[in-house]
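*Asks:* Provided herewith is a single structure, encoded as structure tokens, for subsequent inquiry.
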């Protein structure tokens, strides 16, 4: 297997094996493993670098990320890639935490919805969760779980729409009844772009007018 050393990135040097990124090592580790660019290494040394240095480090890295906040597999993969861990190391590190059930995408989706549902539309929330790599089925299950707890998702969106309009208008939030038609249409369009349903927007304006 051919070794290729990349340009130093921060304090580490990326190590490529047969053209594929394995991971990044400190210069002293490069020296300890006697790695020379365009040189050949055997399976034993490859395994040693992987099992004794890169994989334990990647596992600790992932665990620290999960301690700070819930992460989806897609988010962990992006973080590992940014930290210069290769695909094999990344997959095995994620497999490790998955085995201990540290990754729970339903829990992540449910927690995210709870924190955002009073200020964001369902459409916007779904978009953000999909960006995190959570599929539609899991998002639906999260909403179902919250619906069982609260029993009123629709009212939550109405409250979020009211909050959005209040933030948009500031001190003028109590004057929506006197607002010119054109300005009211622009306000409704802004709320619609944020993903609120037309019915929720109209009801929110009606509540504020009352």
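*Asks:* Can you tell me which residue within region 59-96, out of those that are surrounded by 15 or more Cβ atoms within 10 Å (Cβ to Cβ) and not in a helix (DSSP H, G or I), is modelled with the lowest pLDDT?
*Replies:* Only one residue fits best here, namely 70.
*Asks:* Can you confirm whether region 82-103 contains a residue that is within 23 Å of residue 146 (Cα to Cα) and out of contact with any helix residue (DSSP H, G or I) (no Cβ under 9 Å at 6 or more places or on another chain)?
*Replies:* So the first thing to find is which residues in region 82-103 are within 23 Å of residue 146 (Cα to Cα), and the list is 101-103.
Next, only the ones that are out of contact with any helix residue (DSSP H, G or I) (no Cβ under 9 Å at 6 or more places or on another chain) stay: 101.
Yes, there is a match, as at least one residue in region 82-103 is within 23 Å of residue 146 (Cα to Cα) and out of contact with any helix residue (DSSP H, G or I) (no Cβ under 9 Å at 6 or more places or on another chain).
*Asks:* On to the next question. List, please: which pairs have Cβ atoms under 6 Å, are six or more places apart or on different chains, and start with a residue in region 107-118 that is surrounded by fewer than 15 Cβ atoms within 10 Å (Cβ to Cβ) and end with one that is part of a helix (DSSP H, G or I)?
*Replies:* 118/159; 118/160
*Asks:* In addition: Six or more apart or on different chains, Cβ under 6 Å: which pairs go from a residue in region 54-66 that's within 19 Å of residue 14 (Cα to Cα) to one that's outside any helix (DSSP H, G or I)? Could you list them?
*Replies:* Close Cβ pairs (under 6 Å, with a partner that is outside any helix (DSSP H, G or I)) amount to 54/23; 58/85.
*Asks:* Looking only at residues that are touching a helix residue (DSSP H, G or I) at 6+ places or on another chain (Cβ under 9 Å) and surrounded by 11 or more Cβ atoms within 10 Å (Cβ to Cβ) in region 4-19, which one is modelled with the lowest pLDDT? Give the derivation first.
*Replies:* To start, the set of residues in region 4-19 that are touching a helix residue (DSSP H, G or I) at 6+ places or on another chain (Cβ under 9 Å) comprises 5, 8, 11-13, 15, 17.
Subsequent filtering for residues that are surrounded by 11 or more Cβ atoms within 10 Å (Cβ to Cβ) retains 5, 8, 12-13, 15, 17.
Details: 5: 94, 8: 91, 12: 94, 13: 96, 15: 95, 17: 95.
Among those residues, the one meeting the criterion is 8.
*Asks:* Among the listed residues 128, 166, 123, identify the single one that is farther than 25 Å from residue 67 by Cα, modelled with pLDDT of 80 or more and assigned to a helix (DSSP H, G or I). Even if it seems obvious, please write down each step before you answer.
*Replies:* Values: 128 fails: farther than 25 Å from residue 67 by Cα; 166 fails: modelled with pLDDT of 80 or more.
Going through 128, 166, 123 in turn, the sole match is 123.
The values are calculated or read from the model by the stated rules, or taken from the named source; none is laboratory data. Being a predicted model, the structure only gives us computed values, none of them experimental. Using ideal geometry, Cβ is built from the backbone for each residue, glycine included, and neighbour counts are taken over all protein chains shown.
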